[in-house]
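Structure, as C-alpha cells:
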Amino acid sequence: MNPAVSFGLVAGKRFPAKELLPYIIAQVIGGIAGAGVLYVIAAGKAGFDLSGGFASNGYAAHSPGGYSLGNL
C-alpha cells in the first residue's frame, strides 16, 4: 500500500484515522529501506551508474535494455 491509498481508506472510514500518521511514516521508511537495498544490490554490478536508467521503466531511451514500444 502507499500513503495515498492509506489516506483514501481513512476517508472511506475503512481505516482508523488515529493510526494514519504512524502507518504513513512506516510506509515511507519501508520505501526508503527498499530503495537502499536495491541500490546496494545494483551497485555490486560492474559498470553500474545511477544515470544509466536505474530502476526505470519505459521504452526506447528510457529503457535500460533499449527496448522499443513494439517489443512490449
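The values are calculated or read from the model by the stated rules, or taken from the named source; none is laboratory data. Since the model is a prediction, treat every value here as computed from it, not as a measurement. Heads up: the accessible areas ignore ligands, DNA and RNA and are worked out on the full protein's heavy atoms, side chains in. Shrake-Rupley method; radii C 1.70, N 1.55, O 1.52, S 1.80 Å.
Accessible-area rank, largest first, for S68, S6: S68, S6, with all protein chains present and a 1.4 angstrom probe.
Shown are V10, V40, V28, whose ranking by accessible area with a 1.4 Å probe and every protein chain present, most to least, is V40, V28, V10.
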